[in-house]
Amino acid sequence: MSAAPHSNPMKNPQLPLGLSLREAARFESFFPGQNRELFQELQLSAEGKGETLVYIAGADGLGKTHLLQAACHHASGCQRSVAYLPLRQLLDLTPAVLDGLEQMELVCLDDVHAIAGNGGWERALFDLFNRVRDRGNTLLVSAGKRPDQSGFELADLVSRLGWGVTYTLKPLDEDDVLKALSCRANARGLELPDDTAQFLLRRFPRDLPSLFALFDTLDAASLVEQRRLTVPFVKSVLDR
């Protein structure tokens, strides 16, 4: 395991080699829409003041990874030790990658459904759950579906994952997508005019990962050329 750079090395996020938290994945840059209760609960849990087990279910593209990484950033800022593992990317490794994580005050496991049906991984996750609970630390997990719908074969694991609170992420409606884009712009100190945001929604798919990736491109071009994100400027960047 390797530590991501941070000003306080004793509280570094623990990450497998080659992985890092996205700097932009912060609570400040996430617009919760109808998910405000989950949003607030995750902040409290990251601070060690909320639920010690939170299970987030939802389809890809709704922000599960962003929220888990935001929780890591927030907890680290509160001087708590954290660990983040995207299980979908770690299946080529052995379940031993989970060993010792219970020492972290906050453990975030992304895409836990990726290990469903793998006996060794399921047992390792079950054991980690028990160790984290015994130490009184916090576990946040995400998956595509709720624990009893995720295909786990170990009944005890399904039971344990249901001990905490489970939230199902709700997609944003069109108005909320516009607010989410504005929130992302404000977090970067940018202004996104309403007509530009509407233009982006008319011309491109409305799933947030695609829109945010597009916004990253526009942000970089705006920084280089010192231009505002007007519709003519956005058109000129997209037509290149």
Open item on the list: Give me the residue from segment 185-237 that is among the acidic types (Asp, Glu) and modelled with pLDDT of 85 or more and, out of that set, farthest from Asp60 (Cα to Cα).
Closed with: Glu225
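A quick yes/no check of all residues on (1) in contact with a Phe, Trp or Tyr (Cβ under 8 Å, 6 or more places away or on another chain); (2) β-branched (Val, Ile, Thr); (3) closer than 29 Å to Val177 by Cβ; (4) outside any helix (DSSP H, G or I):
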{"residue": "Cys72", "(1), (2), (3), (4)": "yes, no, yes, no"}
{"residue": "Ala96", "(1), (2), (3), (4)": "no, no, no, no"}
{"residue": "Glu102", "(1), (2), (3), (4)": "no, no, no, no"}
{"residue": "Leu139", "(1), (2), (3), (4)": "yes, no, no, yes"}
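For the structure I just gave you, tell me whether Lys145 is in contact with a Gly (Cβ under 8 Å, 6 or more places away or on another chain), surrounded by fewer than 21 Cβ atoms within 10 Å (Cβ to Cβ) and either assigned by TED's automatic domain parsing to the domain that holds Arg22 or not polar (S, T, N, Q) (or both).
Working: in contact with a Gly (Cβ under 8 Å, 6 or more places away or on another chain): no; surrounded by fewer than 21 Cβ atoms within 10 Å (Cβ to Cβ): yes; either assigned by TED's automatic domain parsing to the domain that holds Arg22 or not polar (S, T, N, Q) (or both): yes.
Against the criterion (in contact with a Gly (Cβ under 8 Å, 6 or more places away or on another chain), surrounded by fewer than 21 Cβ atoms within 10 Å (Cβ to Cβ) and either assigned by TED's automatic domain parsing to the domain that holds Arg22 or not polar (S, T, N, Q) (or both)), Lys145 does not qualify.
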- [ ] Would you be able to tell me the number of residues in segment 156-172 that are part of a helix (DSSP H, G or I) and surrounded by fewer than 18 Cβ atoms within 10 Å (Cβ to Cβ)?
- [x] 2
- [ ] With the checklist (1) assigned by TED's automatic domain parsing to the domain that holds Ala124; (2) crowded, with 19+ Cβ neighbours inside 10 Å; (3) polar (S, T, N, Q) in hand, flag the one item Thr196 doesn't pass.
- [x] (1)
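Of all residues in segment 173-228, how many are among the aliphatic types (A, V, I, L, M) and not in a helix (DSSP H, G or I)?
In the first step, residues of segment 173-228 are kept if they are among the aliphatic types (A, V, I, L, M); the result is 177-178, 180-181, 185, 187, 190, 192, 197, 200-201, 208, 211, 213-214, 218, 220-221, 223-224.
If we keep only those that are not in a helix (DSSP H, G or I) too, we end up with 190, 192.
Count: 2.
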Task: In segment 144-202, the residues that are over 23 Å from the mean Cα position of the chain (by Cα) and closer than 19 Å to Phe126 by Cβ - done: Glu153, Leu154, Ala155, Asp156, Ser159
Open item on the list: Which condition from (1) in contact with a Lys or Arg (Cβ under 8 Å, 6 or more places away or on another chain); (2) surrounded by fewer than 23 Cβ atoms within 10 Å (Cβ to Cβ); (3) of a type in the set (Val, Ile, Thr) is the one that Val82 breaks?
Closed with: (2)
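Search segment 151-192 for residues being among the β-branched types (Val, Ile, Thr) and out of contact with any strand residue (DSSP E or B) (no Cβ under 8 Å at 6 or more places or on another chain), and hand back the single one that is nearest to Ala220 (Cα to Cα). Don't jump to the end; show me each part of the working.
Start the filter on segment 151-192 by keeping residues that are among the β-branched types (Val, Ile, Thr), which leaves 158, 165-166, 168, 177.
Then keep just the ones that are out of contact with any strand residue (DSSP E or B) (no Cβ under 8 Å at 6 or more places or on another chain); that gives 158, 177.
On the way: Val158: 44, Val177: 21 Å.
Per the criteria, the residue is Val177.
Mind listing whichever residues of segment 78-104 are among the aliphatic types (A, V, I, L, M) and under 17 Å from the mean Cα position of the chain (by Cα)?
Within segment 78-104, Val82, Ala83, Leu85, Leu87, Leu90 qualify.
Any chance you could count how many residues in segment 30-70 are part of a strand (DSSP E or B) and either closer than 18 Å to Ala213 by Cβ or at pLDDT below 95 (or both)?
Applying the first criterion (part of a strand (DSSP E or B)) to segment 30-70 yields 53-57.
Now restrict to residues that are either closer than 18 Å to Ala213 by Cβ or at pLDDT below 95 (or both): none.
Qualifying residue count for the region: 0.
The values are calculated or read from the model by the stated rules, or taken from the named source; none is laboratory data. Bear in mind the structure is a predicted one, so any value in this text is a computation, not a measurement. Here the Cβ is made from the backbone with ideal geometry for all residues, glycine too, and neighbour counts use every protein chain on show.
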